[in-house]
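First comes the structure, then the notes that go with it.
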Amino acid sequence: MTLKNYTGFFGAILVIIGGMSPMLHIPIIGNWNYWDIDILLATLVTVSAGAGLLASVINKPKLLKYSGWAVLVMVLIYANCSLL
């Protein structure tokens, strides 16, 4: 595995762990829980992170790049939804 694969693997693991830990409380925003605000978006983020995890293991750089960008866009959408 290359450095990019290890970085993608570590990033996907962090996204999955972060999505599964609903105890996060940000002082200005409040409770930031994927599963309480929008279950569809939370599922899409978890599936995309899982695809990135799989892509890093089987050495598919295009899928790894796509899933990374997809997770980033969905997390930004989620952050915008939680501010409303």
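The values are calculated or read from the model by the stated rules, or taken from the named source; none is laboratory data. All values derive from a computational prediction rather than experimental measurement. Keep in mind that these areas ignore ligands, DNA and RNA; they rest on the heavy atoms of the full protein, side chains included. Shrake-Rupley method; radii C 1.70, N 1.55, O 1.52, S 1.80 Å.
Details
- Gain on full stretching of the segment that runs from THR2 to VAL47 - 0.36 nm per residue minus C-alpha separation: 13.9 nm
- Counting only heavy atoms of the protein chains and using a 1.4 Å probe, THR2 has close to 70 Å² of accessible surface.
- Here the Karplus relation 6.51 cos²θ - 1.76 cosθ + 1.60, evaluated at θ = phi - 60°, turns the backbone of the stretch 56-66 into coupling constants of 6, 6, 8, 6, 10, x, 5, 5, 5, 5, 4 Hz, with x for every Gly and Pro.
- Surface calculation, 1.4 Å probe, protein heavy atoms: LEU72 sits at approximately 80 Å² accessible.
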